[in-house]
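Undergrad: Just passing along the structure, written as structure tokens.
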Amino acid sequence: MLYVARHGETDWNKKGIISGRSDIALSKIGYHQATLLAEEVANLDAPITRIIHSPLNRAEETARIVSEANHLPMSVDERLIELDYGDYDGKSDELAGYQKIRTQFAVRYPNGESLMDVYARIVPLLAELEQDAENTYLLVCHNSVIRAIKNYFEPLENEKVFNYRTPNAKLIGFEWRKALSNIKSA
């Protein structure tokens with residue numbers, strides 16, 4: 001079993017500002033959400049044994065709260081960093097140029113990367129974790145990274161990939177067998 005969770009809310013999330021690689025802190029609501037996530041993790045039937053998080057502060061803080069509340073080891077993995085939105089980082093998510101590129105799997109943001117780039121760096125990490133049957137992982141990361149992970153486990157049509165949004169601090173579980181059967185049948 002693999003669990004993923006998006007970091008808690010930031011002020012930029014609430015305002016609709018693109019926060020790709022900008023290292024934005026959690027808001028008060030985000031800290032509260034992380035505490036609720038820690039409680040949810042404590043009540044899982046299949047307990048998490050390790051947490052891996054993005055290097056960005058909002059994900060690290062969310063992971064730290066869950067880790068401390070549940071006495072779980074945590075580590076950072078650079079591959080979990082949010083998509084690089086390039087020139088759109090720090091700008092409104094309603095900009096027409098951003099919205100147009102957002103629906104293109106392989107088109108890179110100016111001076112940034114594409115969702116395909118994120119997928120390419122996430123798949124090797126998932127393959128590594130899948131080989132470690134002794135641990136149940138929680139990956140604390142970002143919306144675009146979770147879209148790539150969801151597509152790995154549950155291949156989606158393009159429109160569904162780009163419309164998929166993960167609420168802040170929502171815990172999502174995936175079964176490894178599903179990923180294996182999807183790869184074998186492809």
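Undergrad: Where only protein heavy atoms count, and the probe is 1.4 Å, what is the accessible area per residue for region 1-107 in Å²? Display every interim value, and only then the final one.
TA: Values: 5170 Å² over 107 residues.
Using a 1.4 Å probe on heavy atoms only, each residue of region 1-107 averages 48 Å².
Undergrad: Based only on the alpha carbon positions, what is the Kirkwood hydrodynamic radius of region 1-81, in angstrom?
TA: Values: mean 1/r = 0.0777 Å⁻¹.
Evaluated over region 1-81, this radius sits at 12.9 Å.
Undergrad: Name all residues of region 122-146 having a backbone nitrogen under 13 Å from the label point set 7 Å from the Cα of Met74 along its Cα→Cβ direction, giving them as ranges.
TA: Within reach of a label on Met74: 138-141.
Undergrad: Once the Cα gyration tensor of region 58-186 is diagonalised, what are the square roots of 5 times its eigenvalues, in whole Å and ordered largest first, as equivalent ellipsoid semi-axes?
TA: Numbers: eigenvalues 130, 79, 31 Å².
Semi-axes, largest first: 26, 20, 12 Å.
Undergrad: Moving on to the next point. Sorting check: for 28-35, 76-83, 40-47, which peptide has the highest mean count of neighbouring beta carbons within 10 Å, and how do the rest follow?
TA: Working: 28-35: 18.2, 76-83: 19.8, 40-47: 12.1.
Descending packing order for the listed peptides: 76-83, 28-35, 40-47.
Undergrad: Sort Tyr85, Tyr119 by heavy-atom solvent-accessible area, probe 1.4 angstrom, most to least.
TA: Working: Tyr85 15, Tyr119 65 Å².
Listed by decreasing accessible area, they come as Tyr119, Tyr85.
Undergrad: Here's a follow-up. Among the lysines in the chain, how many pairs, 8 or more places apart or on different chains, have alpha carbons under 21 Å apart?
TA: Pairs that pass both the separation and distance tests number 17.
Undergrad: So what's region 111-164 giving for Cα Rg divided by 2.2 N^0.38 Å, two decimals?
TA: 1.20
Undergrad: Just to make sure I understand: if all protein chains stay in place, what is the order of Trp12, Trp176 by accessible area at 1.4 Å, largest first?
TA: Values: Trp12 65, Trp176 35 Å².
Order by accessible area, largest first: Trp12, Trp176.
Undergrad: Once the piece of chain linking Glu154 and His32 is laid out straight, how much longer is it, given 0.36 nm per residue of separation minus the C-alpha distance between them?
TA: Details: separation 122, 0.36 × 122 = 43.92 nm, distance 2.99 nm.
Extending this stretch completely gives an extra 40.9 nm.
Undergrad: So if I restrict to the alpha-carbon atoms in region 1-137, what is the Rg, and what is Dmax, the biggest pairwise distance, in Å?
TA: Gyration radius and largest Cα-Cα distance of region 1-137: 15.9, 46 Å.
Undergrad: Another question about this same structure. Which whole-number percent gives the relative contact order of the chain, counting Cα pairs below 8 Å spaced six or more residues apart? Walk me through the intermediate numbers first.
TA: Numbers: 353 pairs, mean separation 60.8, N = 186.
Value for the chain: 33 percent.
Undergrad: Could you please state how large a percent of the accessible area of region 5-123 is carbon and sulfur, counting protein chains only and using a 1.4 Å probe?
TA: Using a 1.4 Å probe with all protein chains present, region 5-123 comes out at 51 percent carbon and sulfur.
Undergrad: Give, to the nearest whole percent, the P(r) tail of region 81-142 beyond 13 angstrom, counting all Cα pairs.
TA: Values: 1276 of 1891 pairs.
Counting pairs separated by more than 13 Å, the tail of P(r) holds 67 percent.
The values are calculated or read from the model by the stated rules, or taken from the named source; none is laboratory data. Note that this is a predicted model, so its numbers are computed, not measured. Reconstructed Cβ throughout: ideal geometry from the backbone, glycine too, with neighbour counts over all protein chains shown. Just the protein is used for accessible areas: all its heavy atoms, side chains included, with ligands, DNA and RNA removed. Shrake-Rupley method; radii C 1.70, N 1.55, O 1.52, S 1.80 Å.
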